[in-house]
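A quick write-up on the structure given underneath.
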Amino acid sequence: MIVIRNMLKLNCRLACTLCKQIPHARLAKSHNIRQLPDVIFRRKYSNYQQIHTMGSTLCKEYKTTGKVTPNPDQNSGAVGSYQSKCDIKSMSTDVTDTDVEYTEPVAVCKATEIQENEMKQLEFNEDTNVLLVKQNGRLHALGNKCTHYGAPMHTGGLGVGRIRCPWHGACFSLETGDIEDFPGLDSLPCYKVDVSAEGDVMVRMKRTDLDKSKRLKDMVKRQPQDERCYIVVGGGPSGAVCAETLRQEGYTGRLILVCREPYLPYDRVKVSKALSIGIESLQFRDEQFYKDHDIEVWLGVSADKLATAQKELHCSNGYVVKYDKIYIATGCSAYKPPIPGADLENVKTIREYDDARAILDQIQPQSNVVCLGSSFIALEAAAFLVTKVASVTVVGRENVPLKAAFGEEIGARVLKLYQDNSVNMIMQSGITEIIANDDGKLAQVELVDGTTIPCDLLIMGTGSKMNTDFLANSGVRLNKNGSVDVTDFLETNVPDVYVGGDIANAHIYGLAQSRVNIGHYQLAQYHGRIAAINMCGSIKKSEAVPFFFTQIFGKGFRYAGHGSYKEIIIDGSLEELQFVAYFVNHADTVTAVASCGRDPIVAQFAELISQGKCLGRNQIEDEANRQAWIAKLKEPLPKIR
């Protein structure tokens, strides 16, 4: 080990020496912003070669972590979580330094007590548990709490080289703990593990990780000699992940994050589930985080026009910015149908934080609330408000809620769940008029059958419209619904213009042969990561399996996959909300799986599809052995994917 470290020390010194000898074309100028009609400055690229060095990792010595193809011309560090900075001190071969950095070894179990492809939660000390995994004869030790909402990872799905969260499907590398699929932002801590001569599994962790359940991947800062400018448009989950990943992948140029709302990027999923939560609790990162990593955040600014021929973004604050590459994830805005009276003050939509605040300002204990639509957003809002107001009524077009997502049988059980919790459910109906009183305030709504119901606040969960009008005449091709077709690498028909999130019409992993437009939180974050990796010059294909989730009256519903189906096979009890639903198509292939109270089955199905495998009807027909297919996760990956 000492010899290896000395060799690495010598290589790092050599790399630093070479880096210092590379001349720069000229002193760097900061990228220019101007107001019309100031002069647009043209950039010139410094044409120097990157020196790749081996990264020192937290748990596996001297390995880089990114499973992407490095670009030799990219001005970045080594791809991965722990990037070498060519700092001799950080690569010290002094054993004492390592001993100071890490704890003493702790025996967590006997090597014979963990089997191949087994996951165990073990105690490191009275305050810290570790996840121990054995795969291909090797032991891996990581943090045991998912970095999203803290799910116990030892109850999740084990794939080939990675683990998947049992609740919401986030994926982490066994080798490094790096997050590979979402939701969430951070990676798992990764620990040193060895087996002693006595057969004890010995774990050491960095002292700085003792009280942490998550880890921020290494991020570079802006370098004056790097004259490039990358822009991320959209302050939602996709844009936030893209901006962070660019810095994690070694991008050292100017980085601007354009946010239409006056808030730092936040967890939008919680807005309709918990309307009273404060913005500070929702935000992914604080202001200091973006300052520390040289990410310029423009709040309350939207994109007005994209001029791809000139590589310019025109913004609502009057600035025009010259970019080298741009990622667009502007998402959607809530849609109000043209119903008479829809412009009354107490008619609200709910998609953003300010929407939630406006709703809370309007409700009183005596309020009668009506939610139009039986979508996830309308139902989540209804569930939150029912104990805070006099009455909540949901008016839906279908005969059961969530029929499009879960089918009629599960939808009927959801209907009963709402009725059992005192929500008035009026299905196969709609609102034809919104009626004000003599004071001009909302008083009641008229339904399609002519009846009226009292209403002090109307919440419309009636769909959304894509925020892509500013792309008109940009050269980026728009579909009729406003979405944008992208390649498997998230690039549009215009070079250096990338699109992701709700507005992307992209391929997914599974049975879908054509592009699909899916507005899932997890998929939006994944798009941000993949786009950033490709923007940095590496090659990473998008291979996401759609995964969404919701919480209704304390019951967690999960769903993974995508595609048409002819039949739903239910395993378990709908009545007790302990079930798994298999969606089977005309070819007798399972296109999706949903569940309630049966984790981690949906996460396991998502992992199966991500491995390029499939699930057939014949594998789930036997009720006594319906979950035997899970063993397929441990089989080798298909040779042709």
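The values are calculated or read from the model by the stated rules, or taken from the named source; none is laboratory data. Computed from a prediction, not measured in an experiment: that's the story for all the values here. Reconstructed Cβ throughout: ideal geometry from the backbone, glycine too, with neighbour counts over all protein chains shown. Protein only, heavy atoms only, side chains kept; ligands, DNA and RNA dropped before computing areas. Shrake-Rupley method; radii C 1.70, N 1.55, O 1.52, S 1.80 Å.
In the stretch 84-98, is there at least one residue being surrounded by fewer than 16 Cβ atoms within 10 Å (Cβ to Cβ), at pLDDT 50 or above and under 18 Å from MET205 (Cα atoms)? Yes, the stretch 84-98 contains at least one residue that is surrounded by fewer than 16 Cβ atoms within 10 Å (Cβ to Cβ), at pLDDT 50 or above and under 18 Å from MET205 (Cα atoms). So which residues in the stretch 592-621 are charged (D, E, K, R), surrounded by fewer than 19 Cβ atoms within 10 Å (Cβ to Cβ) and in contact with a helix residue (DSSP H, G or I) (Cβ under 8 Å, 6 or more places away or on another chain), if there are any at all? Correct list: LYS613 only. Does at least one position in the stretch 356-364 carry a residue that is among the polar types (S, T, N, Q), surrounded by fewer than 16 Cβ atoms within 10 Å (Cβ to Cβ), modelled with pLDDT of 95 or more and in a loop (DSSP other than H, G, I, E, B)? Yes, the stretch 356-364 contains at least one residue that is among the polar types (S, T, N, Q), surrounded by fewer than 16 Cβ atoms within 10 Å (Cβ to Cβ), modelled with pLDDT of 95 or more and in a loop (DSSP other than H, G, I, E, B). Please verify whether TYR559 is open to solvent by less than 40 Å² (accessible area, probe 1.4 Å) and in contact with an Asp or Glu (Cβ under 8 Å, 6 or more places away or on another chain), treating the condition exactly as stated. Spelling it out, it is not the case that TYR559 is open to solvent by less than 40 Å² (accessible area, probe 1.4 Å) and in contact with an Asp or Glu (Cβ under 8 Å, 6 or more places away or on another chain). How many residues does the stretch 247-272 contain that are in contact (Cβ under 8 Å) with a residue 60 or more places away in the chain, among the basic types (Lys, Arg) and surrounded by 19 or more Cβ atoms within 10 Å (Cβ to Cβ)? Residues in the stretch 247-272 being in contact (Cβ under 8 Å) with a residue 60 or more places away in the chain, among the basic types (Lys, Arg) and surrounded by 19 or more Cβ atoms within 10 Å (Cβ to Cβ): 2 in total.
Select from the stretch 421-468 the residues that are more than 23 Å from PRO340 (Cβ to Cβ) and under 33 Å from the mean Cα position of the chain (by Cα) and write down the one among them that is surrounded by the fewest Cβ atoms within 10 Å (Cβ to Cβ). Among residues in the stretch 421-468 that are more than 23 Å from PRO340 (Cβ to Cβ) and under 33 Å from the mean Cα position of the chain (by Cα), the one surrounded by the fewest Cβ atoms within 10 Å (Cβ to Cβ) is ASN421. Could you please let me know if LEU633 is in contact with a strand residue (DSSP E or B) (Cβ under 9 Å, 6 or more places away or on another chain), under 23 Å from LEU417 (Cα atoms), surrounded by fewer than 21 Cβ atoms within 10 Å (Cβ to Cβ) and of a type in the set (A, V, I, L, M, F, W, C)? In short, no. Can you find, within the stretch 207-222, the residue that is farthest from LEU131 (Cα to Cα) among those that are exposed (fewer than 14 other Cβ atoms within 10 Å of the Cβ) and not basic (Lys, Arg)? Ranking the qualifying residues of the stretch 207-222, first place goes to THR208. Quick check on the stretch 251-266. Is at least one of its residues among the acidic types (Asp, Glu), under 30 Å from ALA358 (Cα atoms) and at pLDDT 95 or above? Checked the stretch 251-266: at least one residue is among the acidic types (Asp, Glu), under 30 Å from ALA358 (Cα atoms) and at pLDDT 95 or above.
Is it fair to say CYS596 is of a type outside the set (Val, Ile, Thr) and in contact with a Ser or Thr (Cβ under 9 Å, 6 or more places away or on another chain)? Criteria not met by CYS596. Can you find a residue in the stretch 535-546 that is small (Gly, Ala, Ser) and more than 20 Å from ALA606 (Cα to Cα)? Looking through the stretch 535-546, at least one residue is small (Gly, Ala, Ser) and more than 20 Å from ALA606 (Cα to Cα). Residues in the stretch 304-329 that are more than 20 Å from PRO495 (Cβ to Cβ) and assigned to a loop (DSSP other than H, G, I, E, B): 3 in all. Counting only helices (runs of 4 or more DSSP H) that sit completely within the stretch 212-303, those holding 1 or more residues that are closer than 24 Å to ALA334 by Cα and under 16 Å from the mean Cα position of the chain (by Cα) correspond to 237-248, 269-273, 279-282. Within the stretch 193-211, restricting attention to residues that are assigned to a loop (DSSP other than H, G, I, E, B) and in contact (Cβ under 8 Å) with a residue 24 or more places away in the chain, the residue that is nearest to THR103 (Cα to Cα) is MET205. In the stretch 575-588, the qualifying residues are those that are touching a helix residue (DSSP H, G or I) at 6+ places or on another chain (Cβ under 8 Å) and open to solvent by 30 Å² or more (accessible area, probe 1.4 Å), and the one that is farthest from PRO166 (Cα to Cα) is ASP588. When the test is whether a residue is farther than 15 Å from SER429 by Cβ and open to solvent by less than 40 Å² (accessible area, probe 1.4 Å), PHE384 passes it. Scanning the stretch 304-345 for residues being within 25 Å of the chain's Cα centre (by Cα) and among the β-branched types (Val, Ile, Thr) gives a total of 3.
Of the residues making up the stretch 519-548, just one is surrounded by fewer than 18 Cβ atoms within 10 Å (Cβ to Cβ) and among the hydrophobic types (A, V, I, L, M, F, W, C), namely ILE539. With respect to the conditions (1) crowded, with 23+ Cβ neighbours inside 10 Å; (2) at pLDDT 95 or above; (3) in a loop (DSSP other than H, G, I, E, B), LEU344 falls short on a single one, namely (1).
Only residues that are in contact with a strand residue (DSSP E or B) (Cβ under 8 Å, 6 or more places away or on another chain), open to solvent by 50 Å² or more (accessible area, probe 1.4 Å) and within 21 Å of THR147 (Cβ to Cβ) were counted across the stretch 288-299, and they come to 0.
Restricted to the stretch 472-503, and to residues that are crowded, with 23+ Cβ neighbours inside 10 Å and out of contact with any strand residue (DSSP E or B) (no Cβ under 6 Å at 6 or more places or on another chain), which residue is farthest from PHE547 (Cα to Cα)? Looking at the filtered set, the residue picked out is GLY500.
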